[in-house]
Structures are given as C-alpha cells and as structure tokens.
Amino acid sequence: MARPSTIHVCSSCGHAEARWHGQCPGCGEWNTLVEERAPSTPGRSSSGAAARRTAAGPAATPVALRDVTTAAVARLSTGIGELDRVLGGGLVPGSLVLLGGSPGIGKSTLTGMATGNLVGAGRRTLYVSGEESAAQIRLRHERLETAPCRALDVPVIAETDLDAVVATIEHHRPEVCVIDSVQTLHAPDLTGAPGSVGQVREVAARLMRTAKAAGTTVILVGHVTKEGSIAGPRVLEHLVDCVLQFEGERERTYRTLRALKNRFGSTSETGVFEMKQGGLVEVLDPSARFVGEATGKPGSVVLAAMEGSRPLLVEVQALVSPSEIVPPRRVVTGIDRNRLALVLAVLGRHAGVNTGSADVFVNVVGGVRVDEPGADLAVALAVASAQRGIALGKSGPPTRPLACFGELGLTGELRTVGHPDRRVEESEKFGLGDPVHPGTARTLRHALKAAFQAAAPVAA
C-alpha cells in the first residue's frame, strides 16, 4: 500500500494522524488537526545501528565565532527612506519579509512604490498577485505613476498556484519578488483550502527555500485578524527574517510602519506615511504635523515619545463625563486598555483624582499607537485636565500645549524612561518649553501641581 503523502498534525499537542479527525485523539481538543506534508523516512537496512548512522550522518565540527568569516552584504534600497530605515538600511538579498496590515491600509501601494523604485534603479523585480488580475494591478499602479517611480515597468503575474510561482522565480531569478498575498497561494499536493494553516505553512516554507537558493528577496503580504495580529500560524513569523506591521485607520491619512521582528536591524524604528491621491508620502517630520494640530483645550497634552531612534511629539486627548451605566466605560485608542486602568488607579489613590463613576475616553490623535510606558504621565495629566475642565499649557498668543513624559509607579512616583534629553530637545524645538517629566517632578502629585500651577479655568 502506498504511503500517504500528507498527515494531519494537532497544533496543540503535535499528535499525528493519517486522516483528519474533528477531535484530536491525543489531547481531546477540537478542530486542531491541520494537514502537513508527511516526513520522508530512510529505507530499511540489515543492521539497525548502520541505518541510524546513515540517517544521522557524520558529526559536525564546531567553529568559534571569532573564526567565522562574514561577508559584507549590500542592501537593496527601496527608494523610500522611511521603509529603508525600518528595514535597517534596505532589503537584504535572499531574505523573507512579512508585511501585515488591515485591508485598505496601503500594503499594495507601499510594495508597488518600492518595486517601481527598484525597477528605476535597474533592479530585477517580480510582482505576484493572487487577489487581482494584471489589469486591476495596472489601474492601481497608474495612480502611483504620479510619484517619482516606474510602477508600470514592474513585471507582474496573476497566479495562485505555488508550483507555478516557484518555477517563475527560479526561471527569471528576480532580485525582489512581492507575493500579494501569502494566504491566496496554495500547494497542489495539499488538500486544504488556500489560507488554511497547513497551506500557509507549506507556502512559506517553499518560498523560503526558493529565496535562499536564488538569492531573491521575497516580500510576503499578509492579512490580519480582527484583533490586528497577522493571520496564519505563528510559525509563519518564525520562518521569515523580518515582520513589518502597517498600522493606521482607513478614515485617516496617517500610516505608521513598525518592525515587530528584524534579524538584520532594530525592531524599535518606526516610519510615518501620509496617504494621498498619488500614493503614500513620507512624513519626514511627524512631530510638526501632530503639534500643529494640537488643540490646547482641557483634556489635551502633548506626549514626547520615542519611536526607535526618533523623538516623536503626539497629542493625547482625554474626555471624562458622568456615566449612565455601571460599570462605567473605559475606551482607548492608541494605547493599551490595561495601562489606562493602571493610570486611573494611581490617579485615584495618590493624586485624589477619582473617576470611578465617570466614563473615560483616551485617544492618541493621528492614528498613532504608543506602547511605551513613558505615555503614563501624559494619560494621567490629560485625564486630570479633562475632569477639572482646565487647559494645561502656557497661554498665548500663541497658546502652547503642555508637553510631558514619564512612567508611573504603583506607589505614585515618577520613573525615568529612555532618552530624556532627546525628548526635552524635541519639545523645545517646537516651542513647548521644558516638559513635565521625572527630572522636574518626583511624584504624580508634584507633576499635577506643576502642570496646573499656571493654568486657568476655561469657560464652557
């Protein structure tokens, strides 16, 4: 009887079965068996010991790291400064890059602009689309021609068969290949539907082997789930060399690109773009955009944040209103909801700002997401300002909003955060003066006193 070419492996316990089962016989979990290619086994030998030696192969010789020679790798510049900086200086030949983001955020636009710039620089590229026809791709790339790139010169194929895509890459050997998207390709020897766990895993593994052998940089465009994480198995993120997350709101023009994983660079860099009619435009000085839009009204402060090596000024707004429901609502955009709960608890316990019976809304303006603990003080001051109805900052003309940064401890103290000098320098650059931070106030109560000292009530 012929050995089956695929098996079904439980994603929870690793139990393998020849056929699919609704419930895993190993651990009892439901709907966890996914199809995978069956591993090859060496032929039988007359001697069991000889067979084991043949399967294991000769022993490897370890080499000290100081004796390992490294070759300088010339990166490929995409012609987009913000993208190159997040990548660590450009695309590394033979690497796998996973680009994730919600539908309509601009993933295809970004990859189209990058491949157009690469073609203009004389690089060989290939654009593989499993979601659109070649005619639809041309319609989108015609819009990108308004930017200084040669988007219409990019070779494209509309294909979902993995074997055909791999054969095309091996034949034409492009320097950069875009797969849009990895969830649409399917391996013919697996029976699962495109986008299933087994299919995505096999597609990524085959493309990785092809990229390493041909020296082609492969950019995989991936879908995201409703929670915002990249769809598919976690092994997909472990296989690739770089994971990029494209964030923002479709209704707003600003987009942020950040690296969640990067084997060839930093994971703390962030690029800022603005979506316009002709495509994505780099925002070289995002602080000027965000500070210029700051309202300076009650509940508004400016956070001096750090995104990698770049200081970034963003407006944090808060609204506190009497609640009609129990428990009251806590709605946040741009920060962690659990972090807001911590800040409200510290405000009530150590600063006398009680919001237990009020709805609290906090928003980081511009669609920016801030994950660093240095945003704690900005959230606390914005909530206190909104509750008291007092605008923080210096009265004008012109009116200048209050800048601040710092982490809150559970005992009410302010803790230092990274790069305070660069944050202060960025605040002074835009005329916000010396911000409130752990260097000027030791506790949250001291910070509130300093912030409200020169403020005056604003009439409704």
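Quick notes on this structure:
- The single condition from (1) of a type outside the set (Asp, Glu); (2) in contact with a Ser or Thr (Cβ under 6 Å, 6 or more places away or on another chain); (3) over 25 Å from residue 205 (Cα atoms) that residue 113 fails is (2).
- Screening residue 160 against (1) in contact (Cβ under 8 Å) with a residue 60 or more places away in the chain; (2) touching a strand residue (DSSP E or B) at 6+ places or on another chain (Cβ under 7 Å) leaves a single unmet condition, (1).
- Look at (1) in contact with a strand residue (DSSP E or B) (Cβ under 9 Å, 6 or more places away or on another chain); (2) among the basic types (Lys, Arg); (3) within 25 Å of residue 252 (Cα to Cα) and you find that residue 140 fails only one, number (1).
- Odd one out for residue 322, checked against (1) at pLDDT 90 or above; (2) farther than 13 Å from residue 368 by Cβ; (3) surrounded by 16 or more Cβ atoms within 10 Å (Cβ to Cβ); (4) more than 21 Å from the chain's Cα centre (by Cα): (3)
- The numbered conditions (1) outside any loop (DSSP other than H, G, I, E, B); (2) modelled with pLDDT of 80 or more; (3) out of contact with any strand residue (DSSP E or B) (no Cβ under 6 Å at 6 or more places or on another chain); (4) not basic (Lys, Arg) are all true for residue 79 except (1).
- Each residue in segment 343-370 was checked for being out of contact with any strand residue (DSSP E or B) (no Cβ under 6 Å at 6 or more places or on another chain) and either small (Gly, Ala, Ser) or surrounded by fewer than 17 Cβ atoms within 10 Å (Cβ to Cβ) (or both), and 8 pass.
- Put simply, of 406, 393 the only residue that is modelled with pLDDT of 95 or more and at positive phi is 406.
- In segment 122-136, the qualifying residues are those that are modelled with pLDDT under 95 and aliphatic (A, V, I, L, M), and the one that is nearest to residue 179 (Cα to Cα) is 134.
- Within segment 249-288, the residues that satisfy the criterion of being out of contact with any strand residue (DSSP E or B) (no Cβ under 7 Å at 6 or more places or on another chain) and assigned to a strand (DSSP E or B) are 276, 279.
- Residue match in segment 362-375 (condition: in a strand (DSSP E or B) and over 31 Å from the mean Cα position of the chain (by Cα)): no
- Within segment 297-310, considering residues that are surrounded by fewer than 21 Cβ atoms within 10 Å (Cβ to Cβ) and farther than 16 Å from residue 369 by Cβ, the one modelled with the lowest pLDDT: 309
- For first residues located in segment 436-452 and assigned by TED's automatic domain parsing to the domain that holds residue 421 and farther than 21 Å from residue 421 by Cβ, partners that are part of a helix (DSSP H, G or I) and of a type in the set (Gly, Ala, Ser) and lie 6+ apart or on another chain with Cβ distances below 7 Å form the pairs 444/380; 448/384.
- Hey, residue 237 at pLDDT below 90, part of a strand (DSSP E or B) and at negative phi or not: no
- Boolean, residue 236 is farther than 22 Å from residue 365 by Cα, crowded, with 23+ Cβ neighbours inside 10 Å and in contact (Cβ under 8 Å) with a residue 12 or more places away in the chain: yes
- Here segment 141-183 is the region considered, the condition is being closer than 20 Å to residue 206 by Cβ and polar (S, T, N, Q), and the residue that is surrounded by the fewest Cβ atoms within 10 Å (Cβ to Cβ) is 160.
- Members of segment 310-369 found to be under 29 Å from residue 428 (Cβ atoms) and among the small types (Gly, Ala, Ser), listed by number: 318, 334, 351, 366, 367
- Within segment 91-103, restricting attention to residues that are under 21 Å from residue 159 (Cα atoms) and either surrounded by fewer than 23 Cβ atoms within 10 Å (Cβ to Cβ) or hydrophobic (A, V, I, L, M, F, W, C) (or both), the residue that is modelled with the lowest pLDDT is 103.
- Of the helices (runs of 4 or more DSSP H) lying entirely inside segment 91-193, the ones with 3 or more residues being small (Gly, Ala, Ser) are found at 107-120.
- From the list 349, 388, 369, 329, the lone residue that is over 18 Å from residue 301 (Cβ atoms), of a type outside the set (Asp, Glu) and touching a residue at least 40 places away in the same chain (Cβ under 8 Å) is 349.
- Close pairs (6 angstrom Cβ cut-off, 6 or more residues apart or separate chains): assigned by TED's automatic domain parsing to the domain that holds residue 85 and free of Cβ contacts under 8 Å to residues at least 24 places away in the same chain in segment 256-276, polar (S, T, N, Q) and crowded, with 20+ Cβ neighbours inside 10 Å anywhere: 260/245
- Failed criterion for residue 387 (all others in (1) under 33 Å from the mean Cα position of the chain (by Cα); (2) surrounded by 15 or more Cβ atoms within 10 Å (Cβ to Cβ); (3) of a type in the set (S, T, N, Q) hold): (1)
The values are calculated or read from the model by the stated rules, or taken from the named source; none is laboratory data. Fair warning: this is a prediction, and the values are worked out from it, not measured in the lab. Quick reminder, even Gly has a Cβ in these numbers, built from the backbone with ideal geometry, and neighbours come from all protein chains shown.
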